[in-house]
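These notes concern the structure reproduced below.
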Amino acid sequence: MRSADIRKTFLEFFTARDHRVVPSGSLVPSEPTLLLTGAGMEQFKPYFLGQAEPGHRRAVSVQKCARTSDLENVGRTTRHSTFFEMLGNFSFGDYFKAEATAWAWELLTGGFGLDPSRLWVTVYTGDDETVRLWRRIGVPSERIQRLGTADNFWSMGVPGPCGPSS
C-alpha cells in the first residue's frame, strides 16, 4: 500500500464515522512552548485544555511533524525520524477508549487488510480497562503487551496534555 493510499483510507474511515477532516497545522506552531510541531494533537491543545470550543466534536488529520524532543535517537532506531506525518483521530469529549479501540481494530483489519492473527497491541502498564477492551475484540492475552512511560506514553511539551497510549 502506498503512503497516499494509507492517508486516504485513514481519512475516509474516520470521515465515515462523523469526524471532520482538519488540515495539517503549521510545522512552526503558534504555541510559544514549542519550537516545531512534533505531534498531531498539538493544534488541538486549546480544545483539550478547555480554552476553546471545537467546531465539531470529532476530528481527523494528517499532521506534518518534526522531531525535537529526542533528536539523539534519530538514526539509532527504526522509529525515530526527523520529519514525518502523524495520522490522528480525535474526540473532544465525544467518545473514549471503547470506540477508539474498536475503530483501531476495524481500520487495521478491514481498512488496511492486516491479518488479525499477526497483530500485537500495547497498553500502558496499569491500564486494565484497555486490556479488557482488546480481549473483547478478540486479541489473545499473549499478544497484548504492557509497556511503561518510556515506551507507551505521549506528551506535548512541558507542561501540556499527556497520557498513556495504546
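The values are calculated or read from the model by the stated rules, or taken from the named source; none is laboratory data. Worth saying up front: this structure is predicted, and the values here are computed from it rather than measured. When we count neighbours, we look across all protein chains shown, and the Cβ atoms used for this are built from the backbone with ideal geometry, even at glycine. Each accessible area value is taken on the protein alone, full model and side chains, heavy atoms only, with ligands, DNA and RNA left out. Shrake-Rupley method; radii C 1.70, N 1.55, O 1.52, S 1.80 Å.
Among W105, H56, T130, flag the residue with its Cα farthest along the positive direction of the charge dipole of the chain, charges on Cβ as +1 for Lys/Arg and -1 for Asp/Glu. The residue sitting most towards the positive pole is W105. Largest accessible area first, the residues W120, W103, W134 order themselves as W120, W103, W134 under a 1.4 Å probe with ligands, DNA and RNA left out.
Rolling a 1.4 Å probe over the protein heavy atoms gives the chain an accessible area of 60 Å² per residue. Computed with every protein chain present, the accessible area of T149 is close to 80 Å² [probe 1.4 Å].
Averaging the sequence gap over all C-alpha pairs within less than 8 Å and six or more residues apart, then dividing by the number of residues, gives the chain a relative contact order of 20 percent. In the complete set of protein chains, residue-level accessible area for I144 is approximately 20 Å², probe 1.4 angstrom. Ranked from largest to smallest solvent-accessible area, with a 1.4 Å probe on the protein heavy atoms, V21, V60, V131 come out as V21, V131, V60. Leaving out ligands, DNA and RNA, and with a 1.4 Å probe, what % of the accessible surface on the range 18-64 is carbon or sulfur? C and S atoms contribute 55 percent here. Would you mind counting up the charge near E99? Only other residues with Cβ under 15 Å from its Cβ, with Lys and Arg at +1 and Asp and Glu at -1. Around E99, the charge tally is +2. For the chain, just say rounded, prolate or oblate: build the C-alpha gyration tensor, square-root its eigenvalues into a ≥ b ≥ c, call rounded for a/c under 1.5, and beyond that prolate if a/b exceeds b/c, oblate if not. Note, shape of the chain comes out rounded.
When the surface is traced with a 1.4 Å probe over the full set of protein chains, E72 keeps roughly 110 Å² accessible. Comparing Cα centroids, the range 97-144 and the range 1-66 end up 23 angstrom apart. Only helical runs count toward this figure. For the chain, summing -39,500 (n - 2.57) over DSSP H runs of n ≥ 4 and dividing by all residues gives -6500 deg cm²/dmol at 222 nm.
Largest first, the residues M86, M41 sort by 1.4 Å accessible area into M86, M41.
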